Amino acid sequence: MIYDVIIIGGGIVGCAIARELMRYHLHVLLVEKNCEAGFGTSKSNSGIIHAGHHASPKTLKGRLEWAGNPLWDALCRDLGFGFKRVGEITVAFTEEEIKTLEHLKWQGDQKGVPGMELWDRERLRKEEPNLNPDLIAALYVPTSGVINPYEACFALLENAHLNGLRLVLNQRVTGLRAVPDGVLEVQTTDKVFYSRFVVNAAGLYSDEIADLAGVRNFTILPRKGEEYMLDKRLTGFVKRIVFPCPTPVSKGILIIPTFDGTLMVGPTALSTPDKTDLSTSTAGCEEIFAAVKRLAPGLSERDVIAEFAGLRAVADTEDFVIGPTQLKGFINVAGIQSPGLTASPAIAKLVAEILQAEDLRLVLRDDFVPTLRKPVRFAKLPTEAQIRLSEDDPRYGHIVCRCEHITEREVLDAIHYGARTLDGIKFRTRAGMGRCQGGFCTWRCMELLQREAGVPMAMVTKRGGDSWIVTQPEAEEELAEALAPEVMPC
Amino acid sequence: MLTGRLIHLRPHYDVVVVGSGPAGLAAALGSRAAGAERILVVDREREAGGILNQCIHTGFGLHYFKEELTGPEYAQRFLQDISAREIDVFTDAFIADIKAEAESHKRLVLMSGMYGVRIITAKAIVLAMGARERTRGAIRIPGARPAGVLTAGLAQKFVNMFGLLPGKRVVILGSGDIGLIMARRLTMEGAEVQGVYEILPHPNGLNRNLVQCLQDFDIPLHLSTTVVNIHGTERVNKVTIAPVDTQLKPQMEKSWEVPCDTLLLSVGLIPENELTRKLGARLDPVTGGPVVDSTMQTTVPGVFACGNVVHIHDLVDFVSQEADLAGRCAGEYVVGKTRPADNVKLLPGQNVAYCVPHTLSTDREHTVYLRVKEPLEKSSIRFGEAYEKKVRYVSPPETVTVTLRPRFLEKFHGEALRVDVVPRE
């Protein structure tokens, strides 16, 4: 079979493109090397939908950020992932910094960012009383938001799959070449696929994929960011995303009230040559908390419950690399660093336009289903609603994760819609994200994976590959190989 | 073993005990003994008994029963009485929210797979949720984030409850008792324990565990050393160890690497006080638990607390003793009996991290638990000028227990009594 489009990479960009293309009469395949979508850069970032005033309109990323921001409301309404426009403030300690705020506001006005306000000390005090009282001004921008990026990936992919996307997991692309009749051949670790078009959305590895295609003209220089999650008793400490006054080189260390109410602080920005280096460091922790304490003296490293690091797929051009290449049919969507998450729905639309310009016929379907079932976030419901729901299904009363109050029914839904690993459950439900960091729910989730998905407890992994949880008897190791599915249900 | 699948859940109880570990069980029995009628014990685990169920080693009960029992045996002693006294036990159930609406009216949101979400009320509550283990995030070990970093308690659950082995080459960080017990347990199950690393200059577990779990199995204990880095992309493949200076700062130039597939953390317990916070009870920043009076009542009337939720105990025997008192006082509260109010406040002084309870009444006998900050030989525990007790040796991992009789305080007329642990003159 010859596909119309093969997308390499199931991060937020690949998932957004897949979902966008399913609006049309097309045969599309998405190939992902990890055991689940969104397990690379997309799950380890600040989770911010930027308003658009930080980036210059002269860059592609600046334009797509601005274009992407307003698209998230409809996506969230249709797909139900966690997203909320909490707004952001950029704060100033000095008169000098106020000038920078004024410039930012001017830049935002130029781009048409709505609702921006400059706040004086008094107003800032009233709105965000837990910030440093020495702050003298802030620029408030209401259209910034926080998002659960991994949920967005899962939801986009699930919806694309619902509309006919073919999905291949656990397969790395190892070869890519043109074969006769305008067809591209994509070799993976397991199989060979054919397609008229290939979209390279391989994130950190997009330069290597371009290399396989023989059209590499950029290099990915990974830039690491560390983030620290704080205890939930600090929920509400700040209401909006807090930015320090930016310097020419950096947006600085932020305080982020995530969609789920957990405070997150970070990120750092440090170049690293190693695409698998997701380590956190003492230096990173010190840098972050020195900056955070200056913004909000009430926060400290003692409040940390978890930390992580992500790698930004920065291209050496410092801008997004999106467009056709010398290899007919091979489209790069690379170098998607910040604000790539914000921009991703706009990137998807741009890619559809590029494909069309490259002679892919786009015919809208009339049977496209834009929505998913409405996800239940049980812990967020009022008690009366919880009582009603649990009367119909008492599994809503059975707690699996005691920190985040995640119920058996929610975990079962996650497994039903594709979770096969502990991280897969965690990023779909929040089970394991709380203060005990899986001490309570780990074996419960393993049991449910065994019961519902037929993965024996001893074969459950954290996130696929060699990330085993408990040792396996040798006989079971062979069984594990025999059972490893090449195509997972979404 | 008791798997309490309640057949009939009442809407109103006299006493609801949150947690069926050693604290909850003894408290429920205490409430019954004091005359409370409708008593419910709720536990989120499937079986009553709490952490005792996975502690299959011996060493429990030497003080309380004057014999050496395993964890499950120790729990069983209480569970038999619980059944005999017709106390309702509801396991696999969870208190999601709690509110003190009026003096004798507490509202609880109870979740279970059996009844879904229900609201029940209680006249009195005993908080006995125990403690959770400190995690990697809480101590911020830098490095990669592979699978294979887990708490000693979760490892114990895997091995003892499921027959699953969490790894083959194990490094243990922290010399807390669970870590020491697991060093021995994993060795017996065929894993190679590379060593136990403790950041402090003194061990953090009971002396008997150091001897029976490490020395007897030739497992090295490295004091003043810690894990400074974790390596491996998918699963742990090694850790970096470094000695620390007197300020506990790692000396990276002296670091070395230890290959392993598992890092076990035994770096302390944190009292589980989420519900206590929801009730608005005052917390002691040192213990991490609620401030309690001599009846184990928190600052919210009718809400009592006992066990590790109040402060971390090293022996279950003391938990049972303390919980019995808390339960009795909750029972008395329900039937309208009161004890004379407390009139003395205990103030932790020299070399004292904390004292529990926080206040006393001079006309009753009390057991005071205190924890020292530094090890000290030939020391003296002083309660102001009023009373002095000589002890041979004190150390932070071992709780000091003092019985204070009314006659000791006959000559004391102040409001605050300072407690010091000082070298004997």
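Read the figures in this text as sums done on the coordinates, not as results from a lab. In this text the structure is predicted, and so the values were computed from the model without any measurement. Here the Cβ positions follow ideal geometry from the backbone for every residue, glycine too, while neighbour counts run over all protein chains shown.
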Approximate spin-label separation A:Lys111-B:Glu415, in nm, with each point projected 7 Å along Cα-to-Cβ: 6.1
A:Tyr194-A:Gln326 FRET efficiency (beta carbon distance; Förster radius 25 Å; 0.05 resolution): 0.80
Additional length obtainable on full extension of the chain from A:Thr174 to A:Asp274, 0.36 nm per residue less Cα span: 34.1 nm
Restricting segment B:356-416 to GluC sites (Glu not before Pro) in coil, as DSSP defines it, with at most 15 other Cβ within 10 Å: B:Glu365, B:Glu385, B:Glu410, B:Glu415
Cβ charges +1 (Lys, Arg) and -1 (Asp, Glu), total dipole of the protein assembly as shown, debye: 1380
Distance histogram in 10 Å bins (all Cα pairs of segment A:195-312, percent per bin): 13, 37, 26, 16, 8, 1
Proximal charge balance of A:His53 [Cβ under 9 Å; K/R count +1, D/E count -1]: +1
Which of A:Thr235, A:Leu167, A:Phe193, positive extreme of dipole for segment A:115-253 (C-beta unit charges): A:Thr235
Helix-only [θ]222 nm of chain A, DSSP H runs n ≥ 4, -39500 (n - 2.57) each, per residue, nearest 500: -9500 deg cm²/dmol
Hz values of 3J(HN,Hα) by residue in segment A:123-128 - Karplus curve (6.51, -1.76, 1.60), Gly and Pro given as x: 4, 4, 4, 5, 7, 10
Ellipticity estimate at 222 nm from DSSP helix runs (n ≥ 4, -39,500 (n - 2.57)) divided over chain B, nearest 500: -5500 deg cm²/dmol
Options A:Asn69, B:Thr246, A:Leu212, ranked by Cα towards positive dipole end of the protein assembly as shown, top entry (Cβ charges): A:Asn69
Extended-chain gain in nm, criterion 0.36 nm per residue less alpha-carbon gap, B:Asn207 and B:Ala341: 44.4 nm
Electrostatic dipole magnitude of segment A:35-188 [Cβ: Lys, Arg +1; Asp, Glu -1; Cα centre; debye, to 20]: 380
Magnitude of the charge dipole, segment B:109-199, Cβ model with Lys/Arg +1 and Asp/Glu -1, debye to 20: 300
Loop GluC sites (Glu not before Pro), segment B:20-58, which have at most 15 other Cβ atoms in a 10 Å radius of their Cβ (DSSP): B:Glu37
Bins of 5 Å, starting at 0 and running to the largest distance - Cα pair percent for segment B:329-396: 4, 14, 21, 23, 14, 9, 8, 6, 2, 0
For the protein assembly as shown: Kirkwood Rh in Å [reciprocal of mean 1/r, alpha carbons]: 29.8
Amide H within-cut-off set for B:Ala131, under 5 Å, with H built and near neighbours excluded: B:Glu272
Spin-label zone in segment B:276-312 - amide nitrogen under 17 Å from a point set 7 Å from the Cα of B:Arg85 along the C-beta vector: B:296, B:304-307
Proxy reagent accessibility, fewest Cβ within 10 Å first, across B:Ser31, A:Ser279: A:Ser279, B:Ser31
FRET efficiency, 1/(1 + (r/R0)^6) with R0 51 Å, evaluated for A:Glu391 and B:Glu67 via beta carbons: 0.60
Cβ-derived FRET efficiency at R0 51 Å, B:Ala102 paired with A:Asp134, nearest 0.05: 0.70
Rel. contact order, % - alpha carbon contacts under 8 angstrom, at least six apart, segment B:135-267: 33
Relative contact order of chain B, defined on C-alpha pairs under 8 angstrom at six or more residues apart (%): 16
For B:Ala353, distant residues with modelled amide H under 5 Å away: B:Arg371, B:Val372, B:Lys373
Angle between chain B longest axis and helix B:177-188 axis [Cα atoms, degrees, rounded to 10]: 50
Inverse mean reciprocal Cα-Cα distance (Kirkwood Rh) of segment B:135-267, Å: 14.5
Estimated inter-spin distance, A:Asp211 and B:Thr246, nm [label 7 Å along Cα→Cβ]: 5.3
Potential lengthening between A:Glu447 and A:Ala290 on full extension [0.36 nm per residue; Cα-Cα distance subtracted]: 52.3 nm
Pairs of Cα atoms farther than 33 Å apart, chain A, %: 39
Beta bridges per DSSP with both ends in segment B:344-423, % antiparallel, nearest 5: 85
Rounded to whole Hz, the Karplus (6.51, -1.76, 1.60) HN-Hα couplings of segment A:165-175, x for glycine and proline: 4, 8, 10, 10, 10, 6, 10, 9, 7, 10, x
Charge dipole (the protein assembly as shown, unit charges on Cβ, about Cα centre) - positive-most of A:Gly182, A:Gly87, A:Gly9: A:Gly87
Separation of alpha-carbon centers, segment A:160-191 and segment B:93-128, rounded to whole Å: 55
